[in-house]
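A.B. asks: Quick one: the structure is below, questions incoming.
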């Protein structure tokens, strides 16, 4: 497993060893001891999967009272995966990083607690997988506006196209509109 640091401390890209042969390939997507050796000590309690079509943008999501760390990957297709530091008082507050996750590059991203997360589907369809270290709590569902101009995420949306976004994600506030009590602490 190769670990690649990003500009956001704690957010890391992982490249697993892939073993191809005439049948296809094999890789270990998670091995607790190996992850602990590289500093990822999350205890995952829930696995999730979503399928989305080209142009779907999901995010930017987080849970405030029951924060979640996430280990994200793609089983089929390709997405631009994004993490934003929303921890009040953090030296990288409001900064973002992204990585292409696909069934071809087999990359994963680890997003620690205190970061908002989202993704944009770049392929015809994508099966997105993520492990969480805390259970989903619908009453604690929070978010930041995906198009917040101060954050300025390049979602790789083709010119003239509008992403497919649900009303909830379109209704979130920008970081500058949020009160500090609505955000995780550094």
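A.B. asks: Computed FRET efficiency, Cβ-Cβ of residue 173 and residue 32, R0 35 Å: what is it to the nearest 0.05?
C.D. replies: Values: r = 37 Å, r/R0 = 1.06.
Using R0 = 35 Å, I get an efficiency of 0.40.
A.B. asks: Taking the alpha-carbon set of the stretch 1-84, what are its Rg and Dmax in Å?
C.D. replies: Over the stretch 1-84's Cα set, Rg and Dmax evaluate to 14.7, 48 Å.
A.B. asks: What number, rounded to the nearest 500 deg cm²/dmol, is the helix-based mean residue ellipticity at 222 nm of the chain, given -39500 (n - 2.57) per DSSP H run of at least four residues and division by all its residues? Write out the running numbers ahead of the final one.
C.D. replies: Details: 2 runs with 10 residues, N = 186.
It comes out at -1000 deg cm²/dmol, rounded to the nearest 500.
A.B. asks: Here's something else I'd like to know. Kirkwood Rh over Cα pairs of the stretch 42-101 into Stokes-Einstein at 20 °C, 1.002 mPa s: D in µm²/s?
C.D. replies: Values: Rh = 13.6 Å.
Calculated translational D: 157 µm²/s.
A.B. asks: Given the Cα-Cα distance of residue 124 and residue 164 and 0.36 nm per residue of separation, how much length would full extension add, in nm?
C.D. replies: On the way: separation 40, 0.36 × 40 = 14.40 nm, distance 1.31 nm.
Computed gain between residue 124 and residue 164 is 13.1 nm.
A.B. asks: I need the calculated FRET efficiency for the pair residue 141 and residue 22, taking r as the beta carbon distance and R₀ as 45 Å, to the nearest 0.05. Walk me through the intermediate numbers first.
C.D. replies: Working: r = 45 Å, r/R0 = 1.00.
FRET efficiency, residue 141 to residue 22: 0.50.
A.B. asks: Can you pull a Stokes-Einstein diffusion coefficient for the chain at 25 °C (0.890 mPa s), Rh from Kirkwood over Cα pairs, as a whole number of µm²/s? Intermediate values should be presented prior to the final figure.
C.D. replies: Details: Rh = 16.9 Å.
So the translational diffusion coefficient is about 145 µm²/s.
Where a number appears in this text, it was derived from the coordinates with a stated rule and is not lab data. What you see is a predicted model; the values in this text were computed from it and never measured. A quick note on method: Cβ atoms are made from the backbone with ideal geometry, for glycine too, and the neighbour counts reach across all protein chains shown.
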